[in-house]
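The values are calculated or read from the model by the stated rules, or taken from the named source; none is laboratory data. All of these numbers come straight from a predicted model, not from anything done at the bench. We work out accessible area using only protein heavy atoms, side chains counted, and drop any ligands, DNA or RNA first. Shrake-Rupley method; radii C 1.70, N 1.55, O 1.52, S 1.80 Å.
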Amino acid sequence: MTKGVMGFVKGAGMGIAVGCIAGAVGNMYMHSNKKGLKKNVGKALRNVGDFMDNVTNMF
């Protein structure tokens, strides 16, 4: 029982650490590249919208 709990705790700790690192890197990128980030986010949102339209049209 304790082995399973310890494995879960280690996995949760690892996930939190990776999430913090990803957040810090994303924050630095966002502050250094605001114009390009807005452009890329706009493109991504438009592509997701087009994808959802295509999926709904298939049904």
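For the chain, what is the mean residue ellipticity at 222 nm derived from helices alone (per DSSP H run of n ≥ 4: -39500 (n - 2.57); sum divided by total residues; nearest 500 deg cm²/dmol)?
On the way: 2 runs with 56 residues, N = 59.
For the chain, the value works out to -34000 deg cm²/dmol.
Kirkwood Rh over Cα pairs of the chain into Stokes-Einstein at 25 °C, 0.890 mPa s: D in µm²/s?
Details: Rh = 14.9 Å.
Reported coefficient: 164 µm²/s.
Using a 1.4 angstrom probe, figure out how much accessible area the chain has per residue, in square angstrom, rounded to the nearest whole. Please list the in-between numbers first.
Numbers: 5380 Å² over 59 residues.
Heavy-atom SASA per residue in the chain reads 91 Å².
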